[in-house]
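Since the structure comes first, as structure tokens, the remarks are kept for the end.
Bear in mind that the values in this text are calculations on the coordinates, not laboratory data. Predicted model only: the values in this text are computed from it and were never measured. Cβ placement follows ideal geometry from the backbone for every residue including glycine, while neighbour counts extend to all protein chains displayed.
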Amino acid sequence: MSTVSVPLTPKLEEAVGQLVKLGRGANKADVIRQAIAKLAEDEAVMAVLRSEQEMKEGKLIKGDIRMALKKLDI
């Protein structure tokens, strides 16, 4: 496991401390790890939702990917 040092504003540090006091994490590091995991999860969900929306809007690429790549000379 690596360690990352990130400066926090006093307001963010207070929020992290409050979350620890509320039992949302064992300590500050745990709260921050949970926050990063939640952000990553939220981003993954948003990517799926964007893809679904693009499908509804007809923004699809259909066909044989190998043929498309040949046309692009890739």
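So if the hydrodynamic radius of the chain is defined as the Kirkwood radius over C-alpha pairs, what does Stokes-Einstein give as its diffusion coefficient at 10 °C and 1.306 mPa s, in µm² per second?
97
Of Q18, V31, A68, whose Cα points farthest to the positive end of the dipole of the chain (charges on the beta-carbon: +1 Lys, Arg; -1 Asp, Glu; origin at the Cα centre)?
Positive-most Cα among the choices belongs to A68.
Please identify every one of the trypsin sites (Lys or Arg not before Pro) in the chain that sits in a loop by DSSP and has no more than 15 other beta carbons within 10 Å of its own beta carbon.
On the way: sites: K11, K21, R24, K28, R33, K38, R50, K56, K59, K62, R66, K70, K71; in loops: R24, K59, K62.
In loop regions of the chain (DSSP not H, G, I, E or B), the sparsely surrounded trypsin sites (Lys or Arg not before Pro) are R24, K59, K62.
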